[in-house]
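The values are calculated or read from the model by the stated rules, or taken from the named source; none is laboratory data. What you see is a predicted model, and the numbers here were worked out from it, not measured in a lab. Cβ atoms come from the backbone with ideal geometry, glycine included; neighbour counts cover every protein chain shown.
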Amino acid sequence: MTKHITLKHRLTDEQPREKFCHHGAHHLSNAELIGILLGTGMRNQSAVDLARTVLDSAENNLNQLARMSVTDLCRINGIGPAKAVTILTAMELSGRRNTEIIREAKKIQSSRDAYSLMAGELADKSYEEFWIILLNRANKLIRYYRISEGSISGTVADPRKIYKFAIDQGASNIILCHNHPSGNLEPSQADIKLTQKVKSAGLMLDIQVLDHLIITQGGYYSFADEGRL
């Protein structure tokens, strides 16, 4: 049976859109923005109220919301597959926008730049992935590649595969990146050993490893910043 939305709640649903038009997106709360995405709520609950419920399920953390699946969101009363997909699409676009900002700049000048480029790819993953950023001699971005993906606890990166990509693309410098789904920013002994192995191979090929980033939802660890390269 179709649930009817009262006039009162239709008006409530429209208010964020009006606020957006009159004042701009930055004046809206996260709940109001998600309410616009949802479009409608349900009986005795506006779209914004439903959005608050969605945020509560993610502990009011947008990064955690981005990690939820369609199945997770559909467990919330009032959220079906269409609304779940709409929310997760917005989360994905947000991450890609951050990536595009760095790509447009085309130059990696710090560990923060590298993190901003890769956070959208790695921060929200529930399993480990290993990526490389390829740069020219002036540290301008050429491309970035996913080298491998693994399990919750680890992944394997083959230096031969890393340098094949680097040589094929004419890279002079590379940055290694992988994520820790556990949230632990400390490098493991395997991380340290791999970093040194890749760095040593690069010296023979005249390709410098500028950094190795470990990325989590809460931030990143830079081998270069910590003096471990």
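Annotations for the structure displayed:
- Qualifying residue in segment 212-225 (condition: of a type in the set (S, T, N, Q) and more than 22 Å from Ala119 (Cα to Cα)): no
- Filtered residues of segment 207-225 (kept if of a type outside the set (Phe, Trp, Tyr), at pLDDT 95 or above and assigned to a loop (DSSP other than H, G, I, E, B)): Ile207, Ala224, Asp225
- Answer from Leu185, Leu203 - the residue that is out of contact with any helix residue (DSSP H, G or I) (no Cβ under 6 Å at 6 or more places or on another chain) and closer than 28 Å to Ala66 by Cβ: Leu185
- Taking segment 26-106 as the region of interest, the helices (runs of 4 or more DSSP H) fully inside it that hold 2 or more residues being polar (S, T, N, Q) and surrounded by fewer than 14 Cβ atoms within 10 Å (Cβ to Cβ) are 81-105.
- Residue count for segment 167-184, restricted to those that are over 19 Å from Ile142 (Cβ atoms) and surrounded by fewer than 15 Cβ atoms within 10 Å (Cβ to Cβ): 3
- Ala31 vs. criteria touching a Leu at 6+ places or on another chain (Cβ under 8 Å), free of Cβ contacts under 8 Å to residues at least 12 places away in the same chain and not polar (S, T, N, Q): no
- Selection status of Gly218, exposed (fewer than 13 other Cβ atoms within 10 Å of the Cβ) and either in contact with a Ser or Thr (Cβ under 8 Å, 6 or more places away or on another chain) or of a type in the set (Lys, Arg) (or both): no
- Single match in Leu194, Leu141, Leu176, Leu203 (criterion: outside the structural domain of Asn61 (by TED's automatic domain parsing), among the aliphatic types (A, V, I, L, M), out of contact with any Phe, Trp or Tyr (no Cβ under 8 Å at 6 or more places or on another chain) and part of a strand (DSSP E or B)): Leu141
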